[in-house]
Amino acid sequence: MNIAELENKIFEDWNDNFIVKDGIVNFDNFSKLKSKVLVLLKETNDYVNDEQDLRIFLSQGGRGATWNNIARWVYGLQNIEKDTNRIWEEMNYITSTQRKEILNSLSSINLKKNLVELLQLKKSWSRKRKII
């Protein structure tokens, strides 16, 4: 059983529809890399997708507003032996295709996995805005 299969087993055992699944985005790509990168996140900041799976969201390229810079960092870490100026030239402008390719080579974990807390906070914020 590889790591990706173990991750899926853990999420099955938890059997919680309000947990955002996370971990290695693409096991085949991740396992081939010399330098593996784990992006550690505080919490999910929004509804990810119907499956509530960050891995699927990132495998599709994520959102550029957040994930373009993370893709640049990951690319830089994975290509640390290259000249820094060359890395910047290559990643100064990042396309959605480049972002998708890079995000498929990492692992990403949310420390807080529970979506219910996020939804409760959003409701609370919404009510407070209406009062103001």
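The values are calculated or read from the model by the stated rules, or taken from the named source; none is laboratory data. Nothing here was measured: the structure is a model prediction, and the numbers come from that model. Here the Cβ positions follow ideal geometry from the backbone for every residue, glycine too, while neighbour counts run over all protein chains shown. Remember, those area values only see protein heavy atoms, side chains included, never the ligands or the DNA or RNA. Shrake-Rupley method; radii C 1.70, N 1.55, O 1.52, S 1.80 Å.
A few remarks follow.
- For region 12-34, the set of residues classified as over 19 Å from Leu58 (Cα atoms) and either of a type in the set (D, E, K, R) or surrounded by 19 or more Cβ atoms within 10 Å (Cβ to Cβ) (or both) consists of Glu12, Asp13, Asp16, Lys34, listed by residue number.
- Exclusive hit being of a type in the set (Ser, Thr, Tyr) and modelled with pLDDT under 85, set Tyr47, Tyr93, Tyr75: Tyr47
- Cβ-Cβ under 7 Å pairs, at least 6 apart or on other chains, region 53-77 side on the phi > 0 side of the Ramachandran plot, far side assigned to a helix (DSSP H, G or I) and open to solvent by less than 20 Å² (accessible area, probe 1.4 Å): Gly61/Leu103; Gly62/Leu103
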